[in-house]
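*Asks:* Please find one structure pasted underneath; my questions will follow.
Read-outs: derived from the displayed coordinates by stated rules, not from any lab. Only a predicted model underlies this, so the values are computations on that prediction, with no experimental measurement involved. Virtual Cβ from ideal backbone geometry, glycine too; neighbours counted across all protein chains shown.
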Amino acid sequence: MGVEVEVELKRFLCCLILPSFAVALPVQAAEAPGRLEVLGLSLLLPGLGHRALGHSTRTQILMTVEGGLWTAFGGFRLQGGIRKDRYADMAEIFAGVPNAHGRADEYYRRIGSYRSSEEYNDEIRREARARCGDDLQARADYFERHKVPDDEVWNWTSSAAWERYRHKRSASLLSYKRSRNMIGLALANRLLAAVDGLRLVHKRGKQMGVSFFLYADPTEPREPPRFCVSVPLP
C-alpha cells in the first residue's frame, strides 16, 4: 500500500493507493476569510470584506459609493442649515418674531400655517368651544393653556413674504430629508456589500469543495484506476 500526494493551486490531493479507492489526508494551509469575518468587515465599511477576499475592483466601487453617500449627507445637512437660517431671518424681519433663530420646529410650522398669532388664537378659541361647550371657565382655561405666549407672537406683513417663508422652509426640510435618505442608502450599501461578500465566500467554497474522480497513473499502465477524493484546505 502506498500514499500519493498531489499539490495543485494550494490544494492537496491525497490518495491512499488501493486497487479501487483512495482516501484524502487533511493538510494545513493559510486561512482565507470566513463568512463571519467577511460579514463583519462589510457591515463595518463596505469594501473591506471584498478587500480581504482579494476583489480589488469591487472594493473600489463599494468604498467610492460609501464615500459619496457620506459626502452627500454632509452637503445636504449643511444646505438644510443654511436654508433654515434664511427662513428664520425672514420670520424675524417680515413677521416680527423676536429671536427667531433656535426656535422649536413646531413653532416654525405654526407661523407657516397661520398668517398671524391672533389667527392661531382664534383657532384655539373655536377648539375651546367645541371641547368645553357652555362651560365658560373651562373654555377660558383651555385657551390660556394653548394660546400663543406673548414672546412668540407674529404677524406677517404681506402674503408674498409669508409665501416665500413657507417655500424656504419646505426647501430646508427637503434638504434634511435627503440627508436622512443618504443614511438609508449607506445602510443599503452595507447590506449589498455583505450579501455580495457572502456570495463570493460561498462561490469560493463551491469551487474548493470536495470532489471525486478516477485517476490512472500513466507511468503504471498495468495498475487499475484509483478512486480519489479531492479535499480543500481548511
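*Asks:* Tell me, what is the percent relative contact order of the range 56-180, built from C-alpha pairs under 8 Å that lie six or more residues apart?
*Replies:* 43
*Asks:* Another one. How big, on average over all directions, is the shadow cast by the Cα convex hull of the range 149-209, in nm²?
*Replies:* 7.0
*Asks:* For A188 paired with S56, estimate the spin-label separation in nm (one decimal), with each label point 7 Å from Cα along the Cα-to-Cβ line.
*Replies:* Label at A188, label at S56, 3.0 nm between them.
*Asks:* Hey, another quick one. Using just the alpha carbons, could you tell me how many Å³ per residue the convex hull of the range 62-102 encloses?
*Replies:* Each residue corresponds to 42 Å³ of Cα convex hull volume.
*Asks:* By the scheme Lys and Arg +1, Asp and Glu -1, what is the net charge of all other residues having a beta-carbon under 14 Å from that of R164?
*Replies:* Net of charged neighbours comes to +3.
*Asks:* Out of all Cα-Cα pairs in the range 43-87, roughly what percent, to the nearest whole number, are more than 16 Å apart? Spell out each step's value before the answer.
*Replies:* Values: 501 of 990 pairs.
Summing the P(r) of the range 43-87 above 16 Å gives 51 percent of all pairs.
*Asks:* Further question on the same structure: As a footprinting exposure proxy, order H202, H50, H146 by other Cβ within 10 Å, with the fewest listed first. List each step's numbers first, then the result.
*Replies:* Values: H202 11, H50 24, H146 14.
Fewest to most other Cβ atoms nearby, the residues stand as H202, H146, H50.
*Asks:* Using a Förster distance of 45 angstrom, determine the FRET efficiency expected from the C-beta separation of Y176 and D135, and round it to 0.05. Provide the component values of the computation, followed by the final result.
*Replies:* Details: r = 42 Å, r/R0 = 0.94.
So, using R0 = 45 Å, E works out to roughly 0.60.
*Asks:* Another question, then. What are the equivalent ellipsoid semi-axes of the range 67-161, built from the alpha-carbon gyration tensor (square roots of five times its eigenvalues), in whole angstrom, biggest first?
*Replies:* 35, 16, 10
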